[in-house]
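Please read the structure below before turning to the comments.
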Amino acid sequence: MHALLLDAPAPAPPAPRRSLRHATIADPRPGAGQVLLQVRACGVCRTDLHVADGELPHPKLPLVLGHEIVGTIGERGPGAGRFEIGRRVGVPWLGWACGECVYCRSGRENLCDRARFTGYQLDGGYAELAVADERFCFPLPDAYDDVHAAPLLCAGLIGYRALVAAGDAARLGIYGFGAAAHLVAQVARFQSRRVYAFTSPGDTAAQDFARSLGAVWAGGSDSGPPEPLDAAIIFAPVGPLVPAALRAVVKGGTVVCAGIHMSDIPSFPYEILWGERVVRSVANLTRRDGEEFLALAPRVPVRTEVSVYPLERANEALDALRHGRLAGAAVLTPSESGRST
């Protein structure tokens, strides 16, 4: 099969970043409890950048990136029988958990110490074929075609978990208006919340995009909101946004850090945390998150804004994400041409 491979960890700056390598490799085979998928689409996530750029350590190498996989089942390994051949399913970031530890047994499989992640310790979807544990695959809503379903599988799922962690906040701030934020904003508006979008200073295109999705206000992250917030979600991997968000939320408010990687959080005065404000993180996702969000998305309905790239142009898609040139999400398809919608 054709695949894009990460061969080595990112070099230390100022050396240039390495590109993914085009390669023809042996077709994967499904093991016990696994299914072989014909990849139809794979989303491009900021976590892929963190892996490729060396910010998440010790990836499997060589590695096929990609953890927002939409595919059809072409073969089942021994003991796999959850899905019929030809069924369309989605594969998320959480690719395996032990099922035995205290976290797994208490509904917190996202914290399993032995968990393995798609496109990090397990080969992902920047390829024509992929293998996945059938227990961690999701049936996908028929309302979404392949490319529009792909961003739901991480941007949507992690964003949904972050929204739940924010509680019932009526006035919600969202810092970093990219793939996850554009989906969460739609769910928040469906729930009758007021959304305040914070972007890079001067990014008027992202601010206009946020307002088009129902944000009541959009501005630079160097600005304060026009009224106090009940909670804030930070998607941008920028540590200094944490004290900024703390200053923006009311007493008892929650600041949720939704990324898997963030730059260092600077010191800040205790007074902006005092008043029972809470700073918390969101780590990965559970299968319950996936089931809940994929049932909710068609009811909203959540609309995914995507820019489609052929698989061969994965490096271009990553670069566009790295430099903030995307509105919504990028999605790869194993085809000869891309389109934007």
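For region 251-278, the set of residues classified as closer than 30 Å to P57 by Cα and in contact with a Gly (Cβ under 8 Å, 6 or more places away or on another chain) consists of T254, A258, M262, S263, D264, I265, P266, V278, listed by residue number. Filtered by the rule that a residue be outside any loop (DSSP other than H, G, I, E, B) and either surrounded by 21 or more Cβ atoms within 10 Å (Cβ to Cβ) or in contact with a strand residue (DSSP E or B) (Cβ under 8 Å, 6 or more places away or on another chain) (or both), region 253-288 gives G253, T254, V255, V256, C257, V278, V279, R280, S281, R287.
Scanning region 113-137 for residues that are assigned to a strand (DSSP E or B) and surrounded by fewer than 19 Cβ atoms within 10 Å (Cβ to Cβ) returns a single hit, R116. If I filter region 117-138 for residues that are modelled with pLDDT of 95 or more, under 30 Å from V249 (Cβ atoms) and touching a helix residue (DSSP H, G or I) at 6+ places or on another chain (Cβ under 6 Å), do I get at least one hit? So far as region 117-138 goes, no, none of its residues is modelled with pLDDT of 95 or more, under 30 Å from V249 (Cβ atoms) and touching a helix residue (DSSP H, G or I) at 6+ places or on another chain (Cβ under 6 Å). Looking only at residues of region 245-303 that are in contact with a helix residue (DSSP H, G or I) (Cβ under 6 Å, 6 or more places away or on another chain) and of a type in the set (F, W, Y), we find that the one that is nearest to G54 (Cα to Cα) is F268.
Report the residue count in region 151-189 for those that are assigned to a strand (DSSP E or B) and at pLDDT below 95. Residues that pass the stated criteria total 0. If you go through region 84-94 and keep only what is buried (at least 17 other Cβ atoms within 10 Å of the Cβ) and part of a loop (DSSP other than H, G, I, E, B), you end up with P92, W93.
The set of residues in region 197-211 that are assigned to a strand (DSSP E or B) and either of a type outside the set (S, T, Y) or at positive phi (or both) comprises A197, F198. The listed residues are V249, V238, V216, and the only one of them that is without any contact (Cβ under 8 Å) to a residue 60 or more places away in the chain and surrounded by 15 or more Cβ atoms within 10 Å (Cβ to Cβ) turns out to be V216.
The values are calculated or read from the model by the stated rules, or taken from the named source; none is laboratory data. For clarity, every value in this text was computed on a predicted model and none was experimentally measured. For neighbour counting, all protein chains shown are included, and Cβ atoms are generated from backbone atoms with ideal geometry for every residue, glycine included.
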